[in-house]
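Please read the structure below before turning to the comments.
Just so it is clear, none of the values below were taken in a lab; they were calculated from the coordinates. In this text, all values refer to a predicted model and were calculated from it rather than measured experimentally. Please note: Cβ atoms are built from the backbone with ideal geometry, for glycine as well, and neighbour counts cover all protein chains shown.
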Amino acid sequence: MAKKRINVPVKLRNRLFDEVQSKCPNPKCDKVGISTLEVHHMDGDPSNNDERNLLAICSNCHTEAEKGLISHADLDLWKRMLVSGYHPHPLAMGAPSRDRAGFNIGANYGQVAGTINNTVKQEKSTKGRVILPGSIGSDPGKYNYMEYLIKRLADFRSKGSSYGQKRKSKVHPGVVRSQIEKEWGGLPKDLPIDRFEALIESLKDKIDRTALGRNNRRRGIRNYHPIEEHGK
């Protein structure tokens, strides 16, 4: 049975409009103005008016989101960017820009969640990635262990030709990250932290199934260390 729609309170609706600066957060959309915006329930439940579940988008994008033409992963990423203070749209009035003192923002906007990848460059060449709240990247311990396994998988795949695999060329960790992006709907660092365990198990399984990984297991050599030992 379809759940009954509960009207979004006016104050909450206004906060959502302020959050997107009255501009549709879809980087591919050019709709501006409160009159163009509607409130989208990200989980599809019209009775769930939790602010974390609501995103202000234009009517056209709202229709596309409800038809599944805009992925939930994209919507979730836009919401988390907004919560962290970054508007997904490069032309938003309040979005960080190249003219803002102390910052130089480069943006690459794509169709899949995670391709929105803002690199923040501070003065004196101090570089850092935009970290989304509640993402794997927000937990240094989990992020570093995940990166260790990503590099481990790339290394094991690169060495596969010595153990009978057809692949001859070196595999870069960036290739593994791109594969995760396609499979999981977002760059590894931007995935919600509650998906960390599943991602780690997936990476371990892939390492174990490489030619080198299988050979190591037959010889009783472990392919990776547990997170408890990482960094020690």
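Here are a few things to note about the model shown:
- Scalar couplings 3J(HN,Hα) for the range 11-18, obtained by applying the Karplus form with A = 6.51, B = -1.76, C = 1.60 to θ = phi - 60°, are 4, 5, 4, 5, 5, 5, 5, 5 Hz; x denotes Gly and Pro.
- With R₀ set to 30 Å, the beta-carbon distance separating HIS72 from HIS230 gives a calculated FRET efficiency near 0.45.
- Peptides 221-232, 177-188 ordered by average Cβ neighbours within 10 Å, highest first: 177-188, 221-232
- Counting only residues at least eight positions apart within a chain, or on another chain, the aspartates and glutamates with an alpha carbon under 20 Å from that of LYS151 are ASP139, GLU181, GLU183, ASP190, GLU197, GLU201, ASP205, ASP208, GLU228, GLU229.
- Annotation: amide H-H contacts under 5 Å for VAL171 (H modelled 1.01 Å from N, sequence separation of 5 or more, or interchain): SER158.
- Neighbour counts of other Cβ atoms within 10 Å put CYS29, CYS58 in the fewest-to-most order CYS29, CYS58.
- Extension gain for the segment GLU64 to ARG209, taken as residue separation times 0.36 nm less the Cα-Cα distance, is 48.3 nm to one decimal.
- Size of charge dipole - the range 10-94 - debye, nearest 20, with Cβ of Lys, Arg +1 and Asp, Glu -1, no other charges: 240
- 13 Å Cα-Cα reach of LYS28 towards aspartates and glutamates, excluding residues that sit fewer than 8 places from it in its own chain: GLU64, ASP74
- Amide proton proximity set for ALA56, modelled H, under 5 Å, gap of 5+: HIS40
- Global geometry of the range 10-94, whether rounded, prolate or oblate, following the gyration tensor of its Cα atoms and the 1.5 cut on a/c: rounded
- Per-residue 3J(HN,Hα) values for the range 68-84, derived from phi via the Karplus relation 6.51 cos²θ - 1.76 cosθ + 1.60 with θ = phi - 60°, read x, 6, 10, 6, 4, 4, 4, 4, 5, 5, 4, 5, 5, 5, 5, 4, 7 Hz in sequence order (x marks Gly and Pro).
- The order of ILE207, ILE200, going from fewest to most other C-beta atoms within 10 Å of their C-beta, is ILE200, ILE207.
- Placing dummy labels 7 Å off each Cα toward the beta-carbon, the span from ASN53 to GLN21 is 2.9 nm.
- Amide H contacts under 5 Å for CYS29, placed H, 5+ residues apart: none
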